[in-house]
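The values are calculated or read from the model by the stated rules, or taken from the named source; none is laboratory data. What you see is a predicted model; the values in this text were computed from it and never measured. Reconstructed Cβ throughout: ideal geometry from the backbone, glycine too, with neighbour counts over all protein chains shown. Surface areas here come from the heavy atoms of the whole protein model, side chains and all, with no ligands, DNA or RNA. Shrake-Rupley method; radii C 1.70, N 1.55, O 1.52, S 1.80 Å.
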Amino acid sequence: MFKGSGVALITPFNEDMSVNYLKVSELVEYHCENNTDALIILGTTGEASTLTDDEKVKIVETVLEVNKKRLPIIVGAGSNNTIQAIEMSKKYEKLGVDGLLLVTPYYNKGNEDGIYKHFVSIAEFVNLPIMLYNVPGRTGVNLSINLLKKLAKHKNIVALKEASGDISYACEVARLVPELALYSGNDDITIPLMSIGAVGTVSVLANIEPKVVHNMVENFFNGDVKEAQRLQLKYNGLVKSLFLEVNPIPVKEAMNILGKGVGKCRLPLGDMEEKNIAILKKELEEVGEVV
């Protein structure tokens, strides 16, 4: 679907908590100019769970209009309601996006038969490449290797964003389901996953360090593993601080500290604790960002 650094784009809000579409446009332009390789919107980091369907559509329209086909646009269309996921996926395809990100059903979860039918049902209604999203810490569901093998047989299901944090599991995916392009969904282990064949990352860190994440991945591809390792380790302190609280609370706080003006998170995500803000600021300073 893409190779390199894909940003898991935040959704900016105004003071009244309406979507700041002007800022959405600014962020798209920022990433186009700062070496990001793909835009992944309306995911976890984009607070999709608190956006209305109309807001989602307008965000997609805004991103597409500003992007002008410069970067691949992958849109989160996952839901624990299969019918809704199908409807939104069809809308996004009609708008002209390049691919879909589909998270595993959450809360009601589903058994293996249900999850298989859920994803295949969506895939049957669109003609877009689909990236599955495995994030059991959020959903309570971990995609089994056998289920991934079955899903990989569908022509439209081509990739996996792996965010379990389980290196052993990721190795088994790479070994046993090579049909799926593997993407790191955890910023702290991007290079380890690339060492077993991942073709890129869907990065939270890239919201504030797009060139760094791009260069880290690019260095690995170009054979400069030491430099890729150096960047991974240098920025892992900052990465850790970006997950001191529920994502995307810290990354939006960091962007605001750095003058990006992206607003707060929508409830039920509240303000970051002062002690954690202090840690975040320290880590930003450690990597050379002016706070």
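Tabulated data for the structure shown
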{"item": "Relative contact order (percent, whole number), the range 4-224, Cα cutoff 8 Å, 6+ residue spacing", "result": "21 percent"}
{"item": "With DNA, RNA and ligands ignored, accessible area of residue 214 (1.4 Å probe; Å², nearest 10)", "result": "30 Å²"}
{"item": "Kirkwood hydrodynamic radius of the chain, Cα pairs, Å", "result": "19.0 Å"}
{"item": "Exposed trypsin sites (Lys or Arg not before Pro) absent - longest run of the chain, DSSP non-H/G/I/E/B, at most 10 other C-beta within 10 Å", "result": "156-291"}
{"item": "The range 62-101, relative contact order in percent, only Cα pairs under 8 angstrom and at least six apart counted", "result": "52 percent"}
{"item": "Contact order normalised by residue count of the range 173-291, Cα under 8 Å, 6+ apart, percent", "result": "19 percent"}
{"item": "Gained length - residue 155 relative to residue 226, 0.36 nm times residue gap less alpha-carbon distance", "result": "21.9 nm"}
{"item": "Where N is the number of residues in the range 243-291, Cα Rg divided by 2.2 N^0.38 Å", "result": "1.07"}
{"item": "Simple Cβ-charge dipole of the chain, Lys/Arg +1 and Asp/Glu -1, about Cα centre, in debye nearest 20", "result": "700 debye"}
{"item": "In Å², nearest 10: area of residue 17 left accessible to a 1.4 Å probe", "result": "50 Å²"}
{"item": "Percent of beta bridges antiparallel (DSSP, the range 4-224, rounded to nearest 5)", "result": "5 percent"}
{"item": "Probe 1.4 Å - accessible area at residue 41, Å² to nearest ten", "result": "0 Å²"}
{"item": "Estimated distance in nm for a label pair at residue 267 and residue 195, the labels positioned 7 Å out from Cα along Cα-to-Cβ", "result": "4.6 nm"}
{"item": "Chain lengthening between residue 120 and residue 17 when straightened (0.36 nm per residue, less Cα-Cα)", "result": "33.5 nm"}
{"item": "DSSP bridge orientation in the range 74-200 - percent antiparallel, rounded to nearest 5", "result": "0 percent"}
{"item": "Inter-label distance, nm, simple model (7 Å from Cα along the C-beta direction), residue 91/residue 61", "result": "1.1 nm"}
{"item": "The chain: calculated mean residue ellipticity at 222 nm from DSSP helix runs of at least 4, using -39500 (n - 2.57)", "result": "-14000 deg cm²/dmol"}
{"item": "Spin-label pair residue 236/residue 70, simplified geometry with 7 Å Cα→Cβ offset, distance in nm", "result": "3.3 nm"}
{"item": "Cβ-Cβ FRET estimate between residue 175 and residue 246, R0 fixed at 35 Å, reported to 0.05", "result": "0.60"}
{"item": "Fraction in percent of alpha-carbon pairs per bin - 5 Å, the range 55-112", "result": "4, 18, 29, 21, 13, 8, 5, 2, 0"}
{"item": "Whole-Å semi-axes of the ellipsoid equivalent to the range 186-291 (Cα gyration tensor, √5λ, descending)", "result": "26, 14, 11"}
